[in-house]
Amino acid sequence: MADRPAAGSQSALRGANRGLILDALKQHGGLTQVELTGATGLSAATVSTIVKELVGAELVEVRSTVRTGRRAQLVTLARRVGLAVGVHIGLRHMRVVLGDVAHDVVAEQLLPLPAQHRVDTTLDRAALLITDLLDRMGASLDEVLGIGVGLPAPVDVATGMVSVKGIMRGWDEVPVAHVLSKRLARPVFVDNDANLGGLAESTLGASRQYQDSIYVRASYGTGAGLVIGGRLHRGFAGTAGEIGHVQVDPSGRICLCGSRGCLDTVVGSQALLEPLRASHGALALRDVIAAANEGDPGCRQVIADAGATIGAVVAGLCVAVNPQCVVVGGELAETGEVLTGPLREAIRRRVLLNQIAPLEVFPAALGERAEVTGALQLVLQSTDLVTRDELEPMTWRGLG
């Protein structure tokens, strides 16, 4: 009669294996059963058995697909599991998306924001956009697993607050996660937007094949998201990767953070626009990007100079962290090699040559959606998609 503990151990093992498969799907979206075998380390027979169990429990769905020219069965989390909301609040725009647990965006809205937008008004707009998108989809807030929010400032993820004063004026000491969660009655997770871009690119984008990567967000300001050993590295209170506040000009302008000559004072939007005023008149950053893409030499020059300066700062970070690749995103990256070429060259001139594994520099694969996709991913990583109530009926049906 000593079989009871063994049976319990077997049940626990099967539960753990189910968790491995569900976590892999949560991270990567849709995977074939062969890919699930590689991602989880489980045998093909075990994966096949558990996938059948999860299909029976309506936790995953299977459909035919083609991989490398061959038909295969694609496994995804079932839509009934819920929706995730991603919000990216930038300095001059807000993007809100609804995504399913297979990482597909099902609805999206972009809203321009005024300069120095107020926290209360902006969060009101975010809440309205979320409910509007849900209405359009015929969905309700009850179906929302959680809401991920990206901000252009260092964030203490434990409190959901901006952790450095002055960078987002008026947002200091506002518990963004708590305020938005109270308005919508759903869990809210807040992080720095460059961190979220790094999270998205490392799980679904250009750096997904690498364990160690740096995501550089070049926009109205500059930041970096560090992924080390496959995990996002935020540092204490979320200030890791704040390269926009590395000093590059000791006699330069005073930055929002209070220091002098930070990178953001040299390559931020105002610094890029100022030298163009005499020749081009009043421009917005989007105008400069569009003109650079159309071949305007002056606009291409200021963006190329910014790329070289950013690259010099990122090179120092690369020497310290030794990543396998650097991924470049943000609005300025929409100019392609105009920005990325000088940035790449500056890194390669300053980083120690590694003949075994040379440092790669790529454009972001997810483009303008990188940060908001990271916000969706933050929700999925922070949410237990399969509850005890859902797993126990599987055991009662003889699947445990």
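The values are calculated or read from the model by the stated rules, or taken from the named source; none is laboratory data. Every value quoted in this text rests on a predicted model; they were computed, and no experiment measured them. Every residue, glycine as well, gets a Cβ built from its backbone with ideal geometry; the counts of neighbours run over all protein chains shown. Ligands, DNA and RNA are stripped out before the accessible areas are found, and what is left, the full protein with its side chains, is counted by its heavy atoms. Shrake-Rupley method; radii C 1.70, N 1.55, O 1.52, S 1.80 Å.
Percent antiparallel among DSSP beta bridges with both residues in the chain, to the nearest 5?
Working: 37 of 57 bridges.
Taking every DSSP beta bridge with both residues in the chain, the antiparallel ones total about 65 percent.
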Practice prompt. Could you name the aspartates and glutamates whose alpha carbon sits less than 20 Å from that of residue 182, not counting residues in the same chain fewer than 8 places away?
Written response: 120, 124, 132, 135, 142, 143, 156, 172, 173, 191
Worksheet, complete the sentence: Largest fluctuation, 130, 50, 356 only, Gaussian network model of the chain with Cα springs under 10 angstrom, belongs to 356
Discussion item. Could you sort the peptides 342-351, 367-376 by per-residue average Cβ neighbour count (10 Å cutoff), highest mean leading?
Written reply: 367-376, 342-351
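Taking the Cα centre of the chain as origin, sum charge times position over the Cβ atoms of Lys and Arg (+1) and Asp and Glu (-1), and report the length of that vector in debye to the nearest 20. Kindly include the intermediate steps, with their values, before the conclusion.
On the way: 37 positive and 41 negative charges, 106 e Å.
Dipole about the Cα centre, nearest 20: 500 debye.
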Practice prompt. Give the long-range amide H neighbours of residue 252: residues separated by 5 or more places, or on another chain, with amide H under 5 Å away, using H modelled in the peptide plane at 1.01 Å from N.
Written response: 261
Worksheet item: Per q in 0.13, 0.15, 0.21 1/Å, what log10 I(q)/I(0) does a Debye calculation on the alpha-carbon atoms of the stretch 15-77 return?
Response: -0.28, -0.37, -0.75
Item to complete: Determine which lysines satisfy two conditions relative to residue 26: a Cα distance under 20 Å, and not lying fewer than 8 residues away in the same chain.
Response: 52
Worksheet item: Hey, what do the phi angles of the stretch 173-185 turn into as Karplus ³J(HN,Hα) couplings, whole Hz, using 6.51/-1.76/1.60 and θ = phi - 60°, x for Gly and Pro?
Response: 6, 9, x, 3, 4, 5, 4, 6, 5, 5, 6, 10, 6
Worksheet entry | Under 13 Å, Cβ to Cβ, from residue 247 - net charge with Lys/Arg +1 and Asp/Glu -1 | -1
Fill in: Only Lys, Arg (+1) and Asp, Glu (-1) charged, at Cβ; the stretch 270-363 dipole about Cα centre in debye
340 debye
Worksheet item: Counting only protein chains, not ligands or nucleic acids, how are 182, 26 ordered by accessible area (probe 1.4 Å), most first?
Response: 182, 26
Worksheet item: Which whole-Hz couplings ³J(HN,Hα) result when phi for each residue of the stretch 139-148 is put into the Karplus expression 6.51 cos²θ - 1.76 cosθ + 1.60, θ = phi - 60°, listed in order with x for Gly and Pro?
Response: 10, 10, 4, 4, 7, 7, 6, x, 10, x
Worksheet entry | Length-normalised contact order of the chain in % [C-alpha pairs under 8 Å, at least 6 apart] | 15 percent
Response to the item:
Checked against the positive end of the charge dipole of the stretch 307-356 (+1 on Cβ of Lys and Arg, -1 on Cβ of Asp and Glu, about the Cα centre), the farthest of 340, 316, 329 is 316
Practice prompt. Please report how far the C-alpha centroid of the stretch 189-204 lies from that of the stretch 242-273, rounded to the nearest whole angstrom.
Written response: 23 Å
Worksheet entry | Normalised convex hull volume, the stretch 207-268, alpha-carbon set, Å³ per residue | 87 Å³
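Roll a 1.4 angstrom probe over the protein heavy atoms and tell me the percent of accessible area of the chain that is carbon or sulfur.
Working: 9620 of 18550 Å².
Summing carbon and sulfur atoms, their accessible area is 52 percent of the total for the chain.
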Practice prompt. Work out from phi, with θ = phi - 60° and the Karplus expression 6.51 cos²θ - 1.76 cosθ + 1.60, the ³J(HN,Hα) of each residue of the stretch 364-370, listed in order in whole Hz, and give x for Gly and Pro.
Written response: 4, 6, 8, x, 5, 8, 4
Practice prompt. Before rounding to the nearest 500, sum -39500 (n - 2.57) across all DSSP H runs of length at least 4 in the chain and divide by the residue total; then give [θ] at 222 nm in deg cm²/dmol.
Written response: -13500 deg cm²/dmol
Worksheet, complete the sentence: Normalised per residue, the volume inside the convex hull of the alpha-carbon atoms of the stretch 199-334 in Å³ amounts to 116 Å³
Fill in: Cα Rg, Dmax, the stretch 37-130, angstrom units
19.5, 57
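With +1 assigned to the C-beta of every Lys and Arg and -1 to the C-beta of every Asp and Glu, and no other charges, what is the dipole magnitude of the stretch 207-364 about the Cα centre in debye, to the nearest 20? Mind dumping the intermediate values first?
On the way: 13 positive and 14 negative charges, 87 e Å.
Taking the Cα centre of the stretch 207-364 as origin, the dipole is about 420 debye.
In square angstrom, what is the accessible area per residue of the chain with a 1.4 angstrom probe? Don't skip to the end; give the middle numbers.
On the way: 18550 Å² over 400 residues.
The answer is 46 Å² per residue.
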